[in-house]
Amino acid sequence: MNLVTISGPPSSGKTAVIIKTIGALQQRELSVGVVKFDCLYTDDDLLYEKIGVPVKKGLSGALCPDHFFVSNIEEIVQWGVKEGVDVLITESAGLCNRCSPYIKDIKAICVIDNLSGINTPKKIGPMLKSADIVVITKGDIVSQAEREVFASRVRSVNPKAITMNINGLTGQGAYELSTLIYDEVEDIKTVVGKELRFSMPSALCSYCLGEKRLGNDYQMGNVRKMDLENGGGQND
C-alpha cells in the first residue's frame, strides 16, 4: 500500500484535487482509500462515498487536528491495510500553516491556491517547506503573470519540491499527480518507528487545559510574550 499525506490552507482546493486524482488512479485500476481530518464538522466524506471510495473521517474537537493525526496515524494505516487499498490518502484540516505532520519516507503533498496572495508562501512553515510536491490551484482565475510570480514564490520557499498546477474543476493536471503518487509500488504496513519531518508546535499552557480568564496571574506553562520595547518580536 502507498501512503500519501495531503495538506494545505483552508479552502485551497484539497478535496477537489484529491477527487480528481482518485479518478485518474481508478482509471489505472487502482483502489484508493481516504481519511479526512477536520476540527468540528466535515461532509467531505460524503463526496468520497459518492465516487465509491472507502472513507473515514476524524474530528479532533478541542485538540489540534495535526496532533490528533499523529496520535491516530498507525490505526489509520492498519485500516487501509485491512481494506486492501493500493493507495491510502490522508487529508488534513488545514489551519495555522505552521505544521503538518509529514512523515519521513512517506510522500507529502501541499495544496495552495493562487488567490491566497503572492506573499502567502513565505507565511507558510513546514507544511510547504518540507513537502515533496506542491500543487497550485485556481490558476484559471488569475492571469498568466500572476501564476508565474506565485509559482516562483513557492519555488523560492521550497526549491526541492515538484511544483505543478491542477484545476480542481476540470481535473487538468490530476493525471500527472496520480503518476507521482503511484510512480512505484510501496509496501507500507505500519508507521511505528518512523519519524516526523519536523517537530510539532509546542504548546502546553493553562489555556490548553481549559483556563478562560485573562492576565498574567492565570498564565502558566509554555507562555511566550512579545518584546514590545524592541519592535514587538518574541521575548524569550
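The values are calculated or read from the model by the stated rules, or taken from the named source; none is laboratory data. Just so it is clear, the model here is predicted, and its values are computed rather than measured. For neighbour counting, all protein chains shown are included, and Cβ atoms are generated from backbone atoms with ideal geometry for every residue, glycine included.
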| request: Say whether the condition of being touching a Lys or Arg at 6+ places or on another chain (Cβ under 8 Å) and assigned to a strand (DSSP E or B) is met by at least one residue in the range 6-16. | output: yes
D86 vs (1) at pLDDT 95 or above; (2) surrounded by 21 or more Cβ atoms within 10 Å (Cβ to Cβ); (3) not small (G, A, S): all pass except (2)
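How many residues does the range 17-39 contain that are assigned to a strand (DSSP E or B) and within 17 Å of D66 (Cα to Cα)? Outline the logic, then answer.
Here is the first cut: in the range 17-39, the ones assigned to a strand (DSSP E or B) are 32-38.
Subsequent filtering for residues that are within 17 Å of D66 (Cα to Cα) retains 34-38.
The total comes to 5.
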Going through (1) over 26 Å from I73 (Cα atoms); (2) hydroxyl-bearing (S, T, Y); (3) not assigned by TED's automatic domain parsing to the domain that holds I19 one by one, S152 fails only at (3)
In this structure, does E49 turn out to be assigned to a helix (DSSP H, G or I), free of Cβ contacts under 8 Å to residues at least 60 places away in the same chain, surrounded by fewer than 19 Cβ atoms within 10 Å (Cβ to Cβ) and in the same structural domain as F69 (by TED's automatic domain parsing)?
yes
If you go through V223, V191, V185, the only one that is over 21 Å from the mean Cα position of the chain (by Cα), in contact (Cβ under 8 Å) with a residue 40 or more places away in the chain and assigned to a loop (DSSP other than H, G, I, E, B) is V185
Of the conditions (1) surrounded by fewer than 16 Cβ atoms within 10 Å (Cβ to Cβ); (2) under 17 Å from S199 (Cα atoms), the single one that N119 does not satisfy is (2)
